[in-house]
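The values are calculated or read from the model by the stated rules, or taken from the named source; none is laboratory data. On a predicted model such as this, the values are computed, not experimentally measured, just so you know. SASA here: full protein model, heavy atoms, side chains in, ligands and nucleic acids out. Shrake-Rupley method; radii C 1.70, N 1.55, O 1.52, S 1.80 Å.
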Amino acid sequence: MKTQKVTMSDREVVKVDRKKIGKKLVELRGTRTQKEVAQAIKVCQSTYSMYEKGERLPSDEVKKRIAKYYKCSVQFIFYS
């Protein structure tokens with residue numbers, strides 16, 4: 001399992017499972033293409049692909065854009 005420690009504040013550290021996040025992004029994307037989603041959130045298609053494969057985590061700003069695009073919370077996508 002690929003996990004990464006992410007600091008939420010000076011005192012709190014949360015482990016995130018990049019593969020689990022990737023699966024959730026694939027599910028949310030549904031029948032849309034990666035290119036369509038990537039353009040909407042203003043990242044390269046290859047970058048979005050890495051998010052879905054669990055190879056990379058988006059920045060906080062991109063997390064917000066992804067959540068807005070899918071009409072759900074950052075917490076739901078990245079921390080549940």
With every protein chain left in place, what is the accessible area per residue of the stretch 26-80 in square angstrom, probe 1.4 Å?
-> 61 Å²
For residue 55 and residue 80 in one chain, what is 0.36 nm times their gap in residues minus the Cα-Cα distance, to one decimal in nm?
-> 7.1 nm
Straight-line reach check, residue 15, cutoff 17 Å on alpha carbons, 8 or more apart in-chain or any other chain, hits among aspartates and glutamates -> 55, 60
Residue by residue, what Karplus-based ³J(HN,Hα) values in Hz, rounded to whole numbers, does the stretch 57-66 have, using 6.51, -1.76 and 1.60 with θ = phi - 60° and x for Gly and Pro?
-> 9, x, 5, 4, 5, 5, 4, 5, 5, 5
Fraction of accessible area attributable to carbon and sulfur, the stretch 22-80 (%, probe 1.4 Å) = 52 percent
